[in-house]
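These notes concern the structure reproduced below.
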Amino acid sequence: MGGGGGGIPIPIPAGVGGGGALIILLIVLALQFFGGGASTGGLGGLTGQSGAEPGASVDLSNNGDMVQFMGAILDDTNDLWEDTFQRSGETYTRTTLVLFTGGTQSSCGAASSQTGPFYCPADGKVYLDTDFFKELSDRFGAPGDFAQAYVIAHEVGHHVQTLTGIEGQVRQAMEQDPSRQNELSVKMELQADCLAGVWAQSVYQAGDLEAGDLEEGLGAAAAVGDDRIQASAGVGVNPETWTHGSAEQRSQWFNTGFRSGDPAGCDTFGG
């Protein structure tokens, strides 16, 4: 598989700390990236299993093709990041995808169809309601298999952030300064969008990107922008309440990752 850049110099949250604390943070993460052992964020009990697994209430019998497709995308994203980590002398723990209908339990709490797809750092798994992709197409106007692939690659991007210690550092910064929670959440989400774009570049390099695929991914990223969601809900568009970024920001960072194919270009914390 091509793409992915060299090593895993994913831009860390510059400006999260201050003064000497930030310098120490830079040193610690540099050690993690280049031979000091990447933090697994306390994921402990991961099995390393790949592919999709059912949640407590899911019946996969009527979704065979979709489940097979999602498992293939998950395996492909895991393969890319495993290779990227290995080239830096680090170990990548593969994430799994838990499918459910209606609701299920994660180590981060209860999940429901209203939750939307999410990544749980506490157990290192991606959770997705099997009806979400229909909503993505019908409600958000983002149909297509690569729109679905973008969603999975975005959530795996959060897994990469957890393994590299970025998620933990941002969560700590949020606890220290709650007034920055939304701002830092947006930066985290946009970086995950960018990492999804890095994966999309690897698909292109492998010759597997079909006509219209990139447009589907960009459309999905824009469709789930906070401004689009607020507007469709009939409420005022208020950037101060955003937690994921605008449609323009999300598609821009996905495209940034795609054009560079390098996680080092995903510096959403730089400004």
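Computed from the coordinates by the stated procedures, all read-outs in this text should not be read as laboratory data. For clarity, every value in this text was computed on a predicted model and none was experimentally measured. Please note: Cβ atoms are built from the backbone with ideal geometry, for glycine as well, and neighbour counts cover all protein chains shown.
So the values come out like this:
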quantity: Amide H within-cut-off set for Thr164, under 5 Å, with H built and near neighbours excluded; calculated: none
quantity: Computed E for Val237/Ser107 - FRET, C-beta separation, R0 30 angstrom, nearest 0.05; calculated: 0.35
quantity: About the Cα centre, charge dipole magnitude for segment 60-124 (Lys/Arg +1, Asp/Glu -1 at Cβ), debye; calculated: 220
quantity: Calculated P(r) tail over 22 Å for segment 64-138, as whole % of Cα pairs; calculated: 31
quantity: 3J(HN,Hα) from dihedral phi, segment 168-182, Karplus parametrisation 6.51/-1.76/1.60, rounded to Hz, x for glycine, proline; calculated: x, 5, 5, 4, 5, 5, 5, 5, 6, 9, x, 5, 9, 4, 5
quantity: Amide H contacts of Phe100 (H built 1.01 Å from N, under 5 Å, at least 5 apart or other chain); calculated: Gly55, Leu128, Asp129, Thr130
quantity: Mean separation of Cα contacts under 8 Å (6+ apart) over length of segment 88-164, as relative contact order %; calculated: 29
quantity: Pairwise centroid distance, computed over Cα atoms, of segment 226-252 with segment 129-186, Å; calculated: 14
quantity: Loop-located GluC sites (Glu not before Pro) in segment 208-259 whose Cβ has at most 16 other Cβ within 10 Å (DSSP); calculated: Glu210
quantity: J(HN,Hα) series, segment 186-200, from Karplus relation 6.51 cos²θ - 1.76 cosθ + 1.60, nearest Hz, glycine and proline x; calculated: 4, 5, 4, 5, 5, 5, 5, 4, 5, 5, 5, x, 4, 4, 4
quantity: Other-chain or far-sequence residues with amide H under 5 Å of Cys108's (modelled H); calculated: none
quantity: HN-Hα J in Hz across segment 219-228 - Karplus 6.51, -1.76, 1.60, θ = phi - 60°, x for Gly and Pro; calculated: x, 5, 4, 5, 5, 9, x, 4, 5, 5
quantity: Prolate/oblate/rounded call for segment 70-191, Cα gyration tensor, a/c under 1.5 rounded; calculated: oblate
quantity: Sites Ser179 and Glu215, calculated FRET efficiency, Cβ-Cβ separation with R0 30 Å, nearest 0.05; calculated: 0.20
quantity: Long-range tail of P(r) for segment 221-271 (Cα pairs > 18 Å, %); calculated: 36
